[in-house]
Amino acid sequence: MDDPAEAERDAAERAIRAQCEAGDHAGATTAALQRYGPELLGFLRALAHHDDLAAEAFAELGEDVWRGLPRFRWESSLRSWLYALARNALGQLRRDPRRRVDRNLPLSAAPDVAAVLRTVTRDIQRTEVKDEFRILREQLAPDEHELLLLRLDRQLAWKDIARILGGDDNLDARAALLRKRFERAKERLRKLAIEHGLIGDKLGGKP
């Protein structure tokens, strides 16, 4: 495998799968959140535009992983499944802000999971340095912004993005549609960048 980062992720996921197969689902959940927690929380913060909401969604994500990992069938990468759970957790909280209170699942039953959730939330920077292009991206439609986050920032494969955004059926067809949407979103971002003077317009003669 040519990409060292991808090779490292594959090795990590094999180790987590081995924990699951050995019946250590709490340990596997802790390992998954330690491995992917910072990038998942960063993804939630970028989507939510609100640190407290992102933290709530991240806590719910931890519970969802703890409950769902024993049933995970490993038909996709663990990473893409976690992104789908993160996205769903944020959506559920937006629809019902009282969900955390009403659900009240005791993470005290899995203290290691609770500890890693607290550690990731505490250690990630409370304010991100946003370059001008990231600020421009937030002016795009939410679905375009999310697509750029998954592809440009997280470098997820198109089939994984299709799973995250819409399930497991017709992956090839949906991945192709998402690629077209991605190209249109990049073009809109390029036009915004030209308008704000971040890049030049060769055809228009702008600097």
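The values are calculated or read from the model by the stated rules, or taken from the named source; none is laboratory data. Worth saying up front: this structure is predicted, and the values here are computed from it rather than measured. Cβ atoms come from the backbone with ideal geometry, glycine included; neighbour counts cover every protein chain shown. To get the accessible areas, we keep the full protein, side chains included, count just its heavy atoms, and leave off ligands, DNA and RNA. Shrake-Rupley method; radii C 1.70, N 1.55, O 1.52, S 1.80 Å.
First compute the accessible area of the stretch 1-77 with a 1.4 Å probe, then give the percent of it belonging to carbon and sulfur atoms.
The computed percentage sits at 48.
To the nearest 0.05, what FRET efficiency results for Gln139 and Glu8 with a Förster distance of 30 Å applied to their C-beta separation?
Approximately 0.30, to the nearest 0.05.
If I model a spin label as a point 7 Å beyond the Cα along the Cα-Cβ vector, how far apart are those points for Ala173 and Arg71 in nm?
2.7 nm
Taking only protein heavy atoms into account and a 1.4 Å probe, give the accessible area per residue of the stretch 141-194 in Å².
53 Å²
Using the Karplus curve 6.51 cos²θ - 1.76 cosθ + 1.60 with θ = phi - 60°, what ³J(HN,Hα) values do you get for each residue of the stretch 89-95, in whole Hz, with x for Gly and Pro?
Whole-Hz 3J(HN,Hα) from phi for the stretch 89-95: 4, 5, x, 5, 5, 5, 6.
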